[in-house]
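What follows is one structure encoded as structure tokens, with my remarks underneath.
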Amino acid sequence: MLAGVSLCFQLIHKFTVGQEARSSPVHGDVDKRFTWQEAHTYCSSHGANLLSISGPEEENYIEKILLEKFGESEDHEQHWFWIGLHRQNPLDNESWKWSDRTPYTYQNFARYYSPMRKCVTLDLATRHWLPMHCESDLDWICKIPKGVKETIPEANEDSALGWVAFQEAEYKFSEHRSTWSQAQRICSWSEASLTSIHSAEEEHFLRDTMRKVSKEGENWWLGLHTYEGDGRFRWSDHSVLNYVSWAAGRPFPISRDKKCIYMTGSEGEWSDQKCQSDYRYICKRVNVTGTVPPTPALPPQSAGCPDGWTPFLHKCYRVFGHVESERATWSTASSICQSHGAKLTTVPSHVEQAFLVTMLPNTSFHMWVGLSSSPKAQFHWEEPGLLSYTNWAPGEPKDNSGTQTNKGNCVVMQHGSPARTTGMWASRGCETEKHGYICMKRKDPAIPAGVDLLPPSLSAPLEFDGVSYRLLQKPLDWEGALHVCQSLNGTLATVRDPRQQAYLTLLLHSLRKPAWIGLQNDMGRVFSWLGEEELTYSAWRDGEPNHMVGCGHMAVSGLWTVSRCEAKVNNTICDMNPERAIDHRWTYAGECPQAVGSWVWVPFRNNCYAFSLDTLKMQQEARDVCNHVGAELLSVLDEGESSFIWEHMQGYQEQANGAWLGLSFNPQDGTLQWSEEVGLGYTNWELQDANMGMLSPSTCFWVQSNTGLWKISPCKNHTHGVICKRPRGADASPSVAEADHLPALLLILVALLLLVALVLGVVYLYRRRASGAGGSYEGARYSRTNSTPSEQQEKNILVSDMELNEQPE
């Protein structure tokens, strides 16, 4: 334990597979996070309590331990630890209590507060306390008085048989019974997990050992399980699912209940059961250390694909079976692929998986891939290579072997009903069913290289299945990301089916950074898309969502995870052609003014902005222009507003290299300010060490179009574009309105005088003549450019007849 002045602490956190095991007692590494009650029980079983904090000094000491252990947390990385503060006892009138009965005399809550949450966490990112639902699975911190000996739970003393070695792993066979979750927890205390099984040889070893140490008819928990409402099997040690040995008629049909898998001690067959049953269990830990060397990258070469084949990375792919007569058994499909100099496709990672989903045809039919197994044997690829990735559908893989006509299992990629399982894998009888199939071969150096459409290029238009996307490559919180998307006439992206998910997965693979999408749950009920649209399809990362409140983003893998909505995430995906306007609680009241003259207003949060970057002016002229339309020269008060401005300026780089800021130097106190009421808080200087000591009232400031960063320049003899800003719903002053409309009023007056002259001419001259200078103010013609995302232009163009006539020769 780490020693404080009179106390010791233990940090318990989820152990990451592949992480080097540590022998230091400073922490505990476990394979599962706990609810508040489970964490409380764990600490109690070790003679300790969940952490209580008596004041700032103790809290600073805890934070020092956390920083030494984990380092600084990124804003979007939620790392929360249960502490002992709670209010679960109804007899306490909802008042906070420490679980170790320490007096509650100090608190460090963040501003966010929910009466529905009754247990408290310490947030490593913000260094504040955050109330959470007590059922959330999190890390936790135990605390024990210095000098008190830690109690080792009896469950950890089960060492009658000890650890038994087989091949590259060690196994421990329990002597007592437990539920699946408790068994997994006990294994994790020894830096192990419930056992996984990857071959018939490993299964035979386990079965033979079980027979020696158990009675007839006893069952043993394995590490195979599903999550609630998911139905997809995975090993608790996160290893690949490449072998099954189901009993006849198992697994049971898919249900929403969490299922856990046990093996019979007598026959060694697998079956599924509710996880609350009490069985004996087997722990497993792998002895192999080090890392798998990376696969060497293929040297770049000019190569292409034949007609009808789709290129991706170094391979060419083709789908067969569009018509029913083309569909075949697995062995026939394999032979046809070979006749094309190819093989049935392999799927070595989630990247190739996503690509294959994007190329599935409109017609729905399953397709063979190159994965198969003999009866009671491992699944393996037809093309030699390690099976390191799987994408099994719920309830898969099943064992279809055993009959005279079907002596093995072959795998299809599903493409049918239900649509949410599109792209997932299922095992089928190799010679009893006919399906389409996907062939794969290397690109041919004799064929000229073409342009690979996937993965998508970040510099090209992003469009798939009729949806246009735009990428905001700037750190933003979720609400700021939403408003920038809306200012561009879009909204945060929604993922409604596996094909959209696959395309965005490839986009994230190119980007290699996480990105916000329109997923949120700010009311503590269920996650939904923006506007309360229900999730009909989901792609959560394993174990997610593990927080009941937050906003969703896509990880680099493309899978969904949850962060605090206030966290900054590197990128945002906007949907640029939403089907309808979405009402939500982040909508701001008030409208922007109608276009007048050359001013078109763009809404963002509580303000409206007009961009006039094609006419360059000096700074004082720019201020006067803004004042004439009831606005102020641009001020930028936070990162979200800065990102919004930069996104809209990028389309004007050819016309202006920047725009003036409304920032000025106050010589009285030597500070910078936006106005008398608003001082300088947020900054975005290009040079962070700019010499502010050289500033004077004749110093001006501007923002660059290509970077969004701020620069300093003299006010005289410098011209830049103009961006004006005014509150939503603010009315122009009468003087401004008169100034804006004076040219139109003069034109109308001249038109009336001409009309009178024409009438008099008719009376006295008895003839009509047409006026070439009718001058009636016909108003402005408004159009919106439909530029592509690569052009990054969302200009609103407003041109009046008068302006057209006044263009220079």
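The values are calculated or read from the model by the stated rules, or taken from the named source; none is laboratory data. Keep in mind that this is a model prediction, so the values were computed, not measured. Ideal geometry is used to build each Cβ from the backbone, glycine not excepted, and the neighbour counts take in all protein chains shown.
If you take the residues of the stretch 412-436 that are under 20 Å from residue 375 (Cβ atoms) and touching a helix residue (DSSP H, G or I) at 6+ places or on another chain (Cβ under 7 Å), which of them is surrounded by the most Cβ atoms within 10 Å (Cβ to Cβ)?
Result: 430.
Suppose we keep only residues that are more than 17 Å from residue 430 (Cβ to Cβ) and aliphatic (A, V, I, L, M) within the stretch 314-332. Which one would you say is modelled with the highest pLDDT?
Among those residues, the one meeting the criterion is 319.
Tell me which residues, restricted to the stretch 371-396, are under 13 Å from residue 413 (Cα atoms), free of Cβ contacts under 8 Å to residues at least 60 places away in the same chain and not in a loop (DSSP other than H, G, I, E, B).
371, 372
Condition test on residue 469, is it surrounded by 19 or more Cβ atoms within 10 Å (Cβ to Cβ) and not in a helix (DSSP H, G or I)?
Here the answer is yes, as residue 469 does meet what is asked.
Within the stretch 422-455, which residues are over 18 Å from residue 333 (Cβ atoms) and out of contact with any His (no Cβ under 9 Å at 6 or more places or on another chain)?
424, 444, 445, 446, 447, 448, 449, 450, 451, 452, 453, 454
Any residue at all in the stretch 516-529 that's within 30 Å of residue 328 (Cα to Cα), basic (Lys, Arg), at pLDDT below 95 and outside the structural domain of residue 684 (by TED's automatic domain parsing)?
Looking for residues that are within 30 Å of residue 328 (Cα to Cα), basic (Lys, Arg), at pLDDT below 95 and outside the structural domain of residue 684 (by TED's automatic domain parsing), one finds none in the stretch 516-529, hence no.
Can you name the residue in the stretch 440-463 that is at pLDDT below 95 and either at positive phi or crowded, with 18+ Cβ neighbours inside 10 Å (or both) and, of all such residues, is farthest from the chain's Cα centre (by Cα)?
Once the filter is applied, the top-ranked residue is 454.
Quick one: count up the residues across the stretch 362-390 that are within 27 Å of the chain's Cα centre (by Cα) and farther than 23 Å from residue 331 by Cβ.
2
If you scan the stretch 323-352, which residues turn out to be of a type outside the set (Val, Ile, Thr) and under 29 Å from the mean Cα position of the chain (by Cα)? Outline the logic, then answer.
Going through the stretch 323-352, the residues of a type outside the set (Val, Ile, Thr) turn out to be 324-328, 330-331, 333-335, 337-344, 348-350, 352.
Listed by number, the residues that qualify are 348, 349, 350, 352.
Taking the condition more than 30 Å from residue 568 (Cα to Cα), modelled with pLDDT of 95 or more and part of a loop (DSSP other than H, G, I, E, B), does residue 436 pass? Talk me through it step by step, then tell me what you get.
Details: more than 30 Å from residue 568 (Cα to Cα): yes; modelled with pLDDT of 95 or more: yes; part of a loop (DSSP other than H, G, I, E, B): no.
Here the answer is no, as residue 436 does not meet what is asked.
Inspect the stretch 154-161 for any residue being modelled with pLDDT under 90 and hydroxyl-bearing (Ser, Thr, Tyr) and give the result as yes or no.
So far as the stretch 154-161 goes, yes, one or more of its residues are modelled with pLDDT under 90 and hydroxyl-bearing (Ser, Thr, Tyr).
For the stretch 329-345, name all the residues that are touching a strand residue (DSSP E or B) at 6+ places or on another chain (Cβ under 7 Å) and surrounded by fewer than 20 Cβ atoms within 10 Å (Cβ to Cβ).
Those that are touching a strand residue (DSSP E or B) at 6+ places or on another chain (Cβ under 7 Å) and surrounded by fewer than 20 Cβ atoms within 10 Å (Cβ to Cβ): 336, 340, 341, 343.
Looking only at strands (runs of 3 or more DSSP E) that lie completely in the stretch 508-576, which have at least 2 residues being without any contact (Cβ under 8 Å) to a residue 12 or more places away in the chain, on the phi > 0 side of the Ramachandran plot and among the aromatic types (Phe, Trp, Tyr)? So that I can check it myself, show each step before the final result.
Numbers: elements: 515-521, 550-554, 560-563, 571-575.
Fully inside the stretch 508-576 and qualifying: nothing.
Working carefully through the options 178, 199, find the one that is crowded, with 17+ Cβ neighbours inside 10 Å and of a type in the set (Gly, Ala, Ser).
Working: 199 fails: crowded, with 17+ Cβ neighbours inside 10 Å.
From the options 178, 199, the qualifying one is 178.
Taking the condition of being acidic (Asp, Glu) and at pLDDT below 75, how many residues in the stretch 571-612 meet it?
2
Taking residue 643 as meeting all but one of (1) buried (at least 21 other Cβ atoms within 10 Å of the Cβ); (2) touching a Leu at 6+ places or on another chain (Cβ under 7 Å); (3) farther than 22 Å from residue 709 by Cβ, write down the number of the exception.
Condition not satisfied by residue 643: (3).
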